[in-house]
Amino acid sequence: MIPIRLDGVSKTYGEDSEAEPTVTVDLTVQAGEFFTLLGPSGCGKSTLLRMIAGFVQPSAGRIRFGEKDVTGLPPHKRGTGMVFQNYALFPHMPVADNVAYGLKLRRVSKAERVRRVDRALERVGLEGYGRRRIDQLSGGQQQRVALARAIVIEPDVLLLDEPLSNLDAKLREETRMQIREVQKSAATTAVYVTHDQAEAMAMSDRIAVLADGRAHQIDTPRKVYSEPATAFVARFIGRSNVVAVQIESVEPDVAHVRFGDGRLIVHRSNQEAPVVGETRQASIRPETIRIVGEADADFHGVIESVEFLGSTAMLDVDIAGSRVTVSTPEIDVEAGSRVGLTVAARSGWLIPS
Ligand code: ADP
């Protein structure tokens, strides 16, 4: 297994020398890692993936697979397997021929081809499907054929460009775990593109959150969720309240802050030093706020709206002019009523930038 390194990799489309790059990043994908490029539509995810694959040439920077600089190499010399959103299979050909395609190009012997195709189909849970035609398969099965075709060449690097976006929600959830298992058992380094944050959280070892042409954060799903590097990340990953707080005092790992009509202890990065008195942004997750009786309340607010979700309700609450979303199991609440609130100790996060 090999790592992938992108050093100052940047892409500017068009001839205009004044044009801003679409995307610029430095990042390393560790050997064997399942690494996701996540961001809203148009942030440059596919452009980055296509540069790693070799379909798009970077305007600047170097791309390395292990020790090897692949920046100038054409796609077929990079040892990558790729899975596309639209599968890109040959519809009239049998499954086995589709999967064997890359092996034929590499002049692998017939006997070896049969052995490897069977193994790849087994890996994706399609043993016995070799003779079926592609157009006789469901969308989910076609996607698994595309995955088998990508791994059959035993690629150093597996690239997946929104492979689940044409499947319905339930199938998407089932297939994402399967993709991850196949990637681990095939022992390949994977780069996965999606705009779906839940998918990224469920599947990835690490995620690069991209927006405005740069990586806002490169971290594990847990860190991205609980310690967002920017307000954009806090809002994009799950649901969060990004609120203005005033710093009252600072200790290692935490800051004491004023928020609304109360006080709060939030955790923070020790890489930076908040200044007492300054106004900063903090991320407070809806599920960390509880409705409590007057005696236990740290904050007070007025419920503006109630969205009933079954076992929980989502409330919009006005706390001294700040609107926050609260996720609560208390479903007998009504818009217009005044409530006491508390935030779980140290669950808030002071956004570093
Ligand atoms: P994403 O995959 O995050 O949706 P893309 O990488 O497809 O984003 O696109 C990023 C930006 O680059 C978009 O503004 C898109 O219009 C532009 N772009 C993508 N491909 C080309 C191209 N071949 N020529 C010119 N602009 C392009």
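Using DSSP loop states and a limit of at most 16 other Cβ atoms within 10 Å to flag GluC sites (Glu not before Pro), what is the longest stretch of the chain containing no flagged site?
That gives 128-271 as the longest site-free run.
List the pairs from Lys11/Lys223; Lys68/Lys184; Lys45/Lys184; Lys11/Lys77 whose alpha-carbon separation is above 25 Å, in the order I gave them.
From the list (Lys11/Lys223; Lys68/Lys184; Lys45/Lys184; Lys11/Lys77), the Cα-Cα distance tops 25 Å for Lys11/Lys223.
How large, in percent, is the carbon and sulfur part of the accessible surface of the chain at a probe radius of 1.4 Å?
48 percent
Apply the Karplus curve 6.51 cos²θ - 1.76 cosθ + 1.60, θ = phi - 60°, to the phi angles in segment 69-86 and return the couplings in whole Hz, x for Gly and Pro.
7, 9, 3, x, 7, x, x, 6, 9, 9, x, 10, x, 10, 10, 9, 4, 9
Given contacts defined as C-alpha pairs under 8 Å and at least six residues apart, what's the relative contact order of segment 151-231, whole-number percent?
Averaging sequence separation for qualifying contacts and normalising by length gives 24 percent for segment 151-231.
Run the numbers on the chain and let me know its relative contact order in percent, using alpha-carbon pairs under 8 Å that are six or more apart.
Relative contact order, the chain: 15 percent.
Measure out, as a whole number of angstrom, how far apart the alpha-carbon centroids of segment 1-31 and segment 234-263 sit.
Answer, in whole Å: 33.
Just the accessible area per residue of the chain, please: how many Å² with a 1.4 Å probe?
With the other protein chains kept in place, the chain gives 47 Å² per residue.
The values are calculated or read from the model by the stated rules, or taken from the named source; none is laboratory data. Bear in mind the structure is a predicted one, so any value in this text is a computation, not a measurement. Note that we place each Cβ from the backbone using ideal geometry, even for glycine, and neighbour counts take in every protein chain shown. Just the protein is used for accessible areas: all its heavy atoms, side chains included, with ligands, DNA and RNA removed. Shrake-Rupley method; radii C 1.70, N 1.55, O 1.52, S 1.80 Å.
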